[in-house]
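Everything on this sheet refers to the single structure shown next.
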There are 2 protein chains.
Amino acid sequence: MIRISAFKSLDPMAQGFTRDVSVRWALEESELSYETVLVSAEERKSESYIQKHPFSQIPAYEDNGINFFESGAIVLHIAEKSVLLLPKESQARASVQSWMFAAMNTIDPVVKNFEQVEYFTPDEEWARLRKAGAIEAAQRRLSQLANHLQNREYLVDQFSAADILMTMSLRNLGPSDLFMMLPAIVTYVQRCEARPAFQKAMAKHMASYS
Amino acid sequence: MIRISAFKSLDPMAQGFTRDVSVRWALEESELSYETVLVSAEERKSESYIQKHPFSQIPAYEDNGINFFESGAIVLHIAEKSVLLLPKESQARASVQSWMFAAMNTIDPVVKNFEQVEYFTPDEEWARLRKAGAIEAAQRRLSQLANHLQNREYLVDQFSAADILMTMSLRNLGPSDLFMMLPAIVTYVQRCEARPAFQKAMAKHMASYS
């Protein structure tokens, strides 16, 4: 039995954007059933939750008594179980693993910094002064990604675990000019979000907050 | 044959801190020999390099014709080859993979943002205004990490691939007050850096710039 943790309550702005969605999506693509445990902010600070997740984040994941944390690691684990999200062929597998880490360590940090100045604290003086620099840093990495995605449907030949992590990060760019100016990335995100497994994952996630 | 790319020339400030060191370290721990290809800034922008590394970064890695990029993915691949860095037992393996992604997506982004305001652009007005916030964000994650490292030698029972990625990120905190105020982390980094494989990796890295 697979069990994941998710937020018991969630600010409407954050609904649909939390990392449990990545894990739900990977599980839906792999047609694996799972159970959700909703945890409060207070419960996340408890010793028993910290044993499952040292950073008190969402999601924590349990599969037959084996515990994982960090959405990247969980999606990799699901991909290793199901083969649908991680091809067996050596170069394709190498590329998927490379793109998984690229999503988390090359793209996600610049997206997060952009989000901070654009959406989270746009009125702070430091954010106003930093905005151009944060956009430039994000644009540099995103244009390299757009270059790769030209004439490609997915990061590697077939849809994979890397597309889940990459799409979940890119969605945070929101309706910004930065995002809209990169049509190859907009189309890619729309293509990934159109997948039935994403829609199912999102519906299950949103059901907790309706 | 294993081949990695490294910087042909490197600012003295950056020497010892680039991501090829993570990969060299994993290779030394695994007692795998490798060849280094030094590439210039211009060569990294070439089409042939971009085919190996879509973000023109260092390192790119090739193992018998199979190409990887992103140090996290490369270290995972080496760990999968050698078993010394990634235990076979299910929970230990799950924990190592979880900590690998935690190093890259939970710790490294806050370390990078701290580096930016502390070392890279300390005199910019936005950085001066942001500094307290960047320290607070880093401190929050680092104190959770320190909490985990209390009474532990390594992230998981034995030294693993996760310790390589985590140490390489934490080293960037440099001689800052933020770092020094977390003795559990200072001791952990020193313990990891004292390993002969780290010393060998560093010597080979530095040899290119002497």
Worksheet item: Scanning region B:118-144 for residues that are over 18 Å from the mean Cα position of the chain (by Cα) and among the aliphatic types (A, V, I, L, M), which turns out surrounded by the fewest Cβ atoms within 10 Å (Cβ to Cβ)?
Response: B:ALA132
Discussion item. Quick check on A:LEU165: is it touching a Phe, Trp or Tyr at 6+ places or on another chain (Cβ under 7 Å), open to solvent by less than 10 Å² (accessible area, probe 1.4 Å) and either under 21 Å from A:VAL21 (Cβ atoms) or within 11 Å of chain B (Cβ to nearest Cβ) (or both)?
Written reply: no
Item to complete: Any chance you could count how many residues in region B:129-144 are within 14 Å of A:TRP126 (Cβ to Cβ) and facing chain A (nearest Cβ under 8 Å)?
Response: 3
Worksheet, complete the sentence: Given the conditions (1) more than 26 Å from B:ARG19 (Cβ to Cβ); (2) within 13 Å of another protein chain (Cβ to nearest Cβ), every one holds for A:VAL189 apart from (2)
Worksheet entry | Residues that are among the small types (Gly, Ala, Ser) and within 15 Å of the chain's Cα centre (by Cα), drawn from region A:163-194 | A:SER169, A:GLY174
Worksheet item: Applying the selection to region B:99-111, what residues are without any contact (Cβ under 8 Å) to a residue 40 or more places away in the chain and of a type outside the set (Val, Ile, Thr)?
Response: B:PHE101, B:ASN105, B:PRO109
Discussion item. Can you tell me which residue is surrounded by the fewest Cβ atoms within 10 Å (Cβ to Cβ) among those in region B:145-162 that are within 11 Å of chain A (Cβ to nearest Cβ) and under 17 Å from the mean Cα position of the chain (by Cα)?
Written reply: B:LEU145
Worksheet item: Is there a residue in region B:136-146 that is closer than 17 Å to A:LYS52 by Cα and either among the hydrophobic types (A, V, I, L, M, F, W, C) or part of a loop (DSSP other than H, G, I, E, B) (or both)?
Response: yes
Worksheet item: Just to be sure, is A:ALA14 open to solvent by less than 40 Å² (accessible area, probe 1.4 Å) and free of Cβ contacts under 8 Å to residues at least 12 places away in the same chain?
Response: yes
Fill in: Candidates B:ARG24, B:ARG44, B:ARG3 - the one that is in contact with a Phe, Trp or Tyr (Cβ under 8 Å, 6 or more places away or on another chain), open to solvent by 40 Å² or more (accessible area, probe 1.4 Å) and not acidic (Asp, Glu)
B:ARG3
Worksheet item: For region A:85-112, which residues satisfy the criterion of being open to solvent by 30 Å² or more (accessible area, probe 1.4 Å) and either of a type in the set (Lys, Arg) or more than 7 Å from chain B (Cβ to nearest Cβ) (or both)?
Response: A:PRO87, A:LYS88, A:GLU89, A:ARG93, A:LYS112
Practice prompt. Quickly run through region B:175-200 and pick out the residues that are modelled with pLDDT under 90, in a loop (DSSP other than H, G, I, E, B) and not aliphatic (A, V, I, L, M).
Written response: B:PRO175, B:SER176
Worksheet item: Is there a residue being touching a residue at least 60 places away in the same chain (Cβ under 8 Å) and of a type outside the set (Asp, Glu) anywhere in region A:137-144?
Response: no
Item to complete: Answer yes or no as to whether B:GLU62 is at positive phi and among the charged types (D, E, K, R).
Response: no
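Can you tell me which residue in region B:75-84 is nearest to the other protein chains (Cβ to nearest Cβ), limited to those that are open to solvent by 40 Å² or more (accessible area, probe 1.4 Å) and either closer than 29 Å to B:ALA137 by Cα or in contact (Cβ under 8 Å) with a residue 40 or more places away in the chain (or both)?
That would be B:LYS81.
The values are calculated or read from the model by the stated rules, or taken from the named source; none is laboratory data. Owing to the predicted nature of the structure, the values given are computational and were not obtained by experimental measurement. Here the Cβ is made from the backbone with ideal geometry for all residues, glycine too, and neighbour counts use every protein chain on show. SASA here: full protein model, heavy atoms, side chains in, ligands and nucleic acids out. Shrake-Rupley method; radii C 1.70, N 1.55, O 1.52, S 1.80 Å.
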